[in-house]
Each structure stands twice: as C-alpha cells, then as structure tokens.
Amino acid sequence: MTQNRPWIPYLLILPSVAFLALLFVVPLVQTIWLALSDNGAPSLANAERMVTDINFTRSVRNTFLLTIVVVPVQIAIALAMGTMVSKVGRGRETILWIWTIPLGISDLAAGLVWLSILQNTGYFNSLLFSLGVIGRQASWLSYQTPIALFIAIAVAEIWRGTAIVMVIIVAGLNQVPKEFKEAAEIFGAGPWTRFWRITLPLIRPALQSALILRTVLAFEVFAVVYALGGRNFPVLVGEAYNWQNQNQNYSVAAVYAVLIMIISLAATLIYLKALKVDPERLP
Amino acid sequence: MANIVIDRIRKSFGAFQALKEVSLTINDGEFVSLLGPSGCGKTTLLRIIAGLETSTSGDVRIGDRSIIGLAPKDRGLAMVFQNYAVFPHMTVYENVAFGLRMQKADDTRVKAQVEKAAGLLHIEPYLDRYPNKLSGGQRQRVAVARALAVQPKVLLMDEPLSNLDALLRLEMRTELKTVLQSAGTTTIYVTHDQTEAMGLSDRIAVMHNGVVEQVGHPVEIYNHPATRFVGGFIGNPPMNFIKVPVSNGQVAAGEEQLAAPKDVGNEIVLGLRGEAVELAPLPQGLEMKVRVAEPMGSHLLLTGSIHDQPVRVILPASETVKSGDTIGLKLDSKRITWLSPESGKSFPALLA
C-alpha cells in the first residue's frame, strides 16, 4: 500500500513534527538568542553575569555532586531490585506495582513527603526522640548542616527516581533468555560471574537508556531540592528559577537553561560513546 | 568418562507428577536418547541431571558419586541447549573457551582445547566472529564445541537440532554422530523426534506421562514395543493395532492360523508394522479394504481398514494397488507384537 503512496508515512508524522518544531525548536532558538544577546546585539554579558554570581559555583558543584552520588546508587539499587524480582514467582506483579508507586508522585509532592519526615517537628525527629537518641529537636535541613541536607536531598531523590530506572532495567532483564544464565551456570560461572560477565553485558542497551534518562533528569533536579532545602542548597535549575522569578532577569535565566542543556547533551554523548551498543553483539 | 545411574527420581509440580519414579542406567560412553512427546518429563529429567532443577526425591550418580546435592558446575557435565544459548556478546572463540576460562585454565590449554573442539565442529573460520553473524546451524556447532571443549564426563543435549530447518537437521545429525563417536563422551540426548533418536542412539528410553515405558536398542524398540504407546510413537507410519478374536489359542489371519500367547481371553490386540506384510491372494490372505493408495516412489503407502479398524501398510513400489481395491495380506508372523487389550502392554513371553 505505502509503496504506491510513499508520502503517506510523512503525512502521518507531520503533525508531531510540526508540534515539536513549534513548541520546542522555536522556544529553544529564542532562549539561545535571549541568552547570548544584550539589547538586540550578540553579547556574552549575561553569561558573565551568571558566572560571577555568588551562587553559580555552588549550584554547579551541588548539581554535579548530587548527580554523581544519586545516579550510580539508583542504578545499583534498580539492578538489585530487578535481579531479586526475577527470582520471584507468585506476587511478582504486585511487588513491581508497589515498587513503581514513586513514579506516580510528582517531584514536588515527593519533596513535601520527605519534608514532613525530616523537618524539625517531623517523623524522623519524633522517632529519634522516642528512642532516646536525641534530647531535643535536631535540625537536618538548615544551612548549618550542609552534609545532612545533602544526604536528605540525595535520599529523597533516590527514593523518588529509582522506580523509572528499575522499570527500564526489569524490561532489559526480561529480554535475556534464562538459558544464557543456565549455560553460564553449567559451565562453572558463580552468581557474581554470571551477573558481571553475562547479565550486565546483555542488558547494556537498557542500562544505557536508564543512565541517559536518569542523568539528564538529575541535572534538572529542582522541586525536591526546593522543598527540602529552599535556597540553602542552590542547584542549576533552582538558580534559573530565581533569576526568572525573583530577579526578573530572563536573560540570565536563559543562560542557565542553555548551560543545563549543554551539560545534558554532553552527558548523553559520553554515555553513547562509553557504553557503545554494538547491534552485532546483541541476542 | 563415567556411567550414570538415575535412581527412582520423582518430581512433582504441586499436584502434578512430572516424573514418577524414573530409573535408568547409562553406561560409560553410551549415547542414550530420552524420547517422548512434549510434557512427558524428558526435559525435566535432563534438567534434574544438569542440576538446573531439583528433584522431589531420588538420586543421580555419575561414576558412583551422588551428584544430586551438587551445584551444576561441580557435576562434571556440559550441556547443549535447544536455543543454542551461545553468548552473543562474546566471539565464537570466547564462547568455546568459556567453560575453560571458568575453570581458570591457562591460555595454552585454552587455546589447544578451543582449537581441537573448533576443528571437530568445523568452525575454525568463524572463531573471531560474533554469533549474530552465524546461521542457526553454525551457532549450534559453536554450542557443541563449547560443551566438548571442557572434556565433560557427561554431555547433556536438550533438543539441540529442533531449531534447525529440516535439511540442516539431517546434516547436523550425521555430523553429531561422527563427532560424538570420536569424542566417546557419555551422552544423554532429549528429543521428541523419533528419527533423530533412532539414528543417533545406542539405546532409547521412551518416556510417556512421567514414566519410562521402554528402554532398548532402537531396532528392538521398533520391532518389539513394550506398550501400545511405544509402538504408536515410534515408526512412520506408526504401528497398526488391530483388535482380533481368539479361538482355541489361535488368531485367524485369512486362512492362516497364528498362535496367540497363552492364557489370553477372547480378544487380543495384534500389533503390526506397516511393512511386515506382503501381498497374498484372497481368501488366503487377511482381507484389507484400501481407501487410499499413495505411490511414494520408494514404496506404496496404503491407508484402509482390516476388521473395520484403521490401518496403514507399506508395499513395494512395484505393486499395483489402487484406491478402493480389496486386497489380501500375508503377515510376517515373526514381526507381530501381541498386546493385551486391557493394559496395552505387550506379551513379552512370546517375544523370545
């Protein structure tokens, strides 16, 4: 059918392409122009203003630190969850369903949940107090306790964002026929060897997707941080938000947006290169 | 090299009994097929021997050592899977070397063993390639080479040829026989394909509903099935079963009287191989109504009925029988199997 009318596929794709071009490419070009111009002429003044701001270095450092800590932990936990659930017979669906609940919660709501746990009058302090560990309310989320604040944000992010990694990993694990593992077992590979030498290489495509998705999302972290730490823990998107709303400076906010995009693209390229998926080596 | 003793193995999945006290002894260097329809328990038995499945009760010994509690890798066996299970992310060389690498063999030994196994299976040209670039037949060669490279005491094969197309299957079957004969490894081979089992095996264990119905040399099983199931499962066309009346210990086949086994009732089942007959004039021969005659070139296949019961017989291609004819048949009395109409079991006394 389509052989006679080769334009049909293009016609069917057209609406989505037009939609994306209109609502993605146009704003993108506008943002880049906004970032790299001053009074209608190309300029690096906005970038300079961003870089010299007191919160810039901290926000870059915080965002990278958070990403470097959170993403590997999420991948490790997701791999463990996926491997464990693959051994479960009955009730597997229920377990997966429960594990994916955080997927359905907005990140701001997730931040608020953890706030209710970790704030001065929160559940965590009540628990510690009732166990006699602390004598009075301890503060976890203030600028005076940066390490506790960092850990709190990291834990909340891990709790919120691991589910999507797990979904991708479980899908990847399901693609691996059990005979590969059985063959490895018969030929003498122990559980760890099977995991490192057979399972992990075979779920490489899923791993790559999960890493790219989670890393890009980690660089965009905002709501959880905002709910728990406010401005005590500046991150890149948070700074963009502040320049846009508090300072009403759309241009510097645009530079932040462009910076985040460049970092995300760079991370994606690094993953694509480092975890090259050779179709020849797939099942 | 080692003999294998399978001792009263039982396996239940909930209320379902997959294996009901299966016992079987396989001699050193012997090639034994587990043959049966799907669901008969043959693959479950193989997986229990491999250690991939646990048995409910019973024991398996290889060379007088019980292996039932051991991990698969400690059982001294290798396995070839139906879907090859050749690792796609390793080259053919690394696939064949996998077992040796796991045993921490040094590089010289790995190289020597891989080259030897690759030579046996004719896969030397592909050693640097990835399995994805190979055909199904080549991948199965890699899987067999991987198994032989570790010089296992016992080789387990789970329907290794059933994913190949018919022509390739025939070719691989012949080659497998050559390779395994020279390797001399004790082999257990699971298949549902009777021609494979007949062609390859020293002995066949025919399984049905979790029970070994008969163990024996392929020709013995073909000619003297122990049960109606075995006779019907082995051979193409399957054995004919005709219920016939017995009078004075004799069964009439046309004008000829055949001696029935002693102590039978009024009826007995006559098991007849399709080719154990020759044409005879009526009324001397046993009457057969031919419904369809199919000249196959090498032989003539007749489908019809004897005593109103469906039969299939084979005559030489030179005979001229047409659809709708009524013919007489002389039965080869030495090749008749008598079976009990109640139990479906053959009368072994008469086989001697």
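The values are calculated or read from the model by the stated rules, or taken from the named source; none is laboratory data. The model shown is predicted, which means the values in this text are computed figures rather than measured ones. Virtual Cβ from ideal backbone geometry, glycine too; neighbours counted across all protein chains shown. Areas reflect the complete protein model, heavy atoms only, side chains present, ligands, DNA and RNA absent. Shrake-Rupley method; radii C 1.70, N 1.55, O 1.52, S 1.80 Å.
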Quiz item: Which residue out of B:Ala253, B:Ala293 is within 30 Å of B:Asp193 (Cβ to Cβ) and assigned by TED's automatic domain parsing to the domain that holds B:Asp332?
Solution: B:Ala293
Quiz prompt | Number of the exception - B:Gln151 against (1) at positive phi; (2) not in a loop (DSSP other than H, G, I, E, B) | solution = (2)
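May I ask you to list the residues in the range A:244-283 that are acidic (Asp, Glu) and assigned to a helix (DSSP H, G or I)?
So the first thing to find is which residues in the range A:244-283 are acidic (Asp, Glu), and the list is A:278, A:280.
Within the range A:244-283, A:Glu280 is the sole residue that qualifies.
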Quiz item: If you go through the range A:119-154 one residue at a time, how many are assigned to a helix (DSSP H, G or I) and open to solvent by 100 Å² or more (accessible area, probe 1.4 Å)?
Solution: 3
Quiz item: Can you tell me which residues in the range B:164-181 are open to solvent by 80 Å² or more (accessible area, probe 1.4 Å) and either more than 17 Å from the chain's Cα centre (by Cα) or not β-branched (Val, Ile, Thr) (or both)?
Solution: B:Asp165, B:Leu167, B:Leu170, B:Glu171, B:Thr178, B:Gln181
Quiz prompt | Matching entry among B:Glu159, B:Glu175 (being in the same structural domain as B:Gly76 (by TED's automatic domain parsing) and free of Cβ contacts under 8 Å to residues at least 60 places away in the same chain) | solution = B:Glu175
Exercise. Could you list all residues from the range A:16-56 that are open to solvent by less than 80 Å² (accessible area, probe 1.4 Å) and of a type outside the set (A, V, I, L, M, F, W, C)?
Key: A:Ser16, A:Pro27, A:Thr31, A:Ser37, A:Asp38, A:Gly40, A:Ser43, A:Asn46, A:Asp53, A:Asn55
Self-check item: the range B:268-285 residues that are farther than 23 Å from B:Pro341 by Cα, paired with ones that are open to solvent by 10 Å² or more (accessible area, probe 1.4 Å) and not in a loop (DSSP other than H, G, I, E, B) (beta carbon under 6 Å, 6 or more apart)
Solution: B:Glu278/B:Lys330; B:Ala280/B:Lys330; B:Gly285/B:Lys330
Practice problem: Go through the range B:184-237 and count every residue that is under 19 Å from B:Val144 (Cβ atoms) and assigned to a loop (DSSP other than H, G, I, E, B). | Solution: 5
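Scanning the range B:262-283 for residues that are open to solvent by less than 10 Å² (accessible area, probe 1.4 Å) and part of a loop (DSSP other than H, G, I, E, B), which turns out farthest from B:Leu329 (Cα to Cα)?
Quick first cut of the range B:262-283, residues open to solvent by less than 10 Å² (accessible area, probe 1.4 Å) only: B:268-274, B:276.
Narrowing further to those that are part of a loop (DSSP other than H, G, I, E, B): B:273-274, B:276.
Working: B:Arg273: 13, B:Gly274: 11, B:Ala276: 10 Å.
Looking at the filtered set, the residue picked out is B:Arg273.
Considering only the range A:196-243, state which residues are aromatic (Phe, Trp, Tyr), within 27 Å of A:Ala80 (Cβ to Cβ) and either within 14 Å of chain B (Cβ to nearest Cβ) or part of a loop (DSSP other than H, G, I, E, B) (or both).
Within the range A:196-243, the first condition is being aromatic (Phe, Trp, Tyr), and the residues that meet it are A:196, A:219, A:222, A:226, A:233, A:241, A:243.
If we keep only those that are within 27 Å of A:Ala80 (Cβ to Cβ) as well, we get A:196, A:219.
Hit for the range A:196-243 is A:Trp196, nothing else.
Scanning for something within 14 Å of another protein chain (Cβ to nearest Cβ), under 23 Å from the mean Cα position of the chain (by Cα) and over 13 Å from A:Thr83 (Cα atoms), does the range A:172-190 turn up at least one residue? It would help to see each step written out before you state the result.
We begin by selecting, within the range A:172-190, every residue within 14 Å of another protein chain (Cβ to nearest Cβ); these are A:172, A:175-190.
Narrowing the set further to residues that are under 23 Å from the mean Cα position of the chain (by Cα) leaves A:172.
So of that shortlist, the ones also over 13 Å from A:Thr83 (Cα atoms) come out as none.
No, the range A:172-190 contains no residue that is within 14 Å of another protein chain (Cβ to nearest Cβ), under 23 Å from the mean Cα position of the chain (by Cα) and over 13 Å from A:Thr83 (Cα atoms).
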Self-check item: The lone exception for B:Val96 - which of (1) open to solvent by less than 10 Å² (accessible area, probe 1.4 Å); (2) under 25 Å from the mean Cα position of the chain (by Cα); (3) within 12 Å of chain A (Cβ to nearest Cβ) it fails
Solution: (2)
Quiz item: Just checking, which of B:Arg129, B:Arg109 is open to solvent by 50 Å² or more (accessible area, probe 1.4 Å), within 12 Å of chain A (Cβ to nearest Cβ) and over 30 Å from B:Pro237 (Cα atoms)?
Solution: B:Arg129
Exercise. Go through the range B:32-43 and give me each residue that's surrounded by 16 or more Cβ atoms within 10 Å (Cβ to Cβ) and either of a type outside the set (S, T, N, Q) or within 14 Å of another protein chain (Cβ to nearest Cβ) (or both).
Key: B:Val32, B:Leu34, B:Leu35, B:Gly36, B:Cys40, B:Gly41, B:Lys42, B:Thr43
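Condition first: assigned to a strand (DSSP E or B), over 15 Å from A:Phe187 (Cα atoms), basic (Lys, Arg) and in contact (Cβ under 8 Å) with a residue 40 or more places away in the chain. Can you find one or more residues in the range B:43-64 that meet it?
Initially, the range B:43-64 is screened for residues assigned to a strand (DSSP E or B), giving B:57-62.
From what is left, the residues that are over 15 Å from A:Phe187 (Cα atoms) are B:57-62.
This time we only want the ones that are basic (Lys, Arg), so: B:61.
Those still in the list that are in contact (Cβ under 8 Å) with a residue 40 or more places away in the chain too: B:61.
Yes: one or more hits.
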Exercise. Can you tell me which residue within the range B:50-85, out of those that are open to solvent by less than 10 Å² (accessible area, probe 1.4 Å) and away from chain A (no Cβ under 11 Å), is nearest to A:Glu182 (Cα to Cα)?
Key: B:Ile67
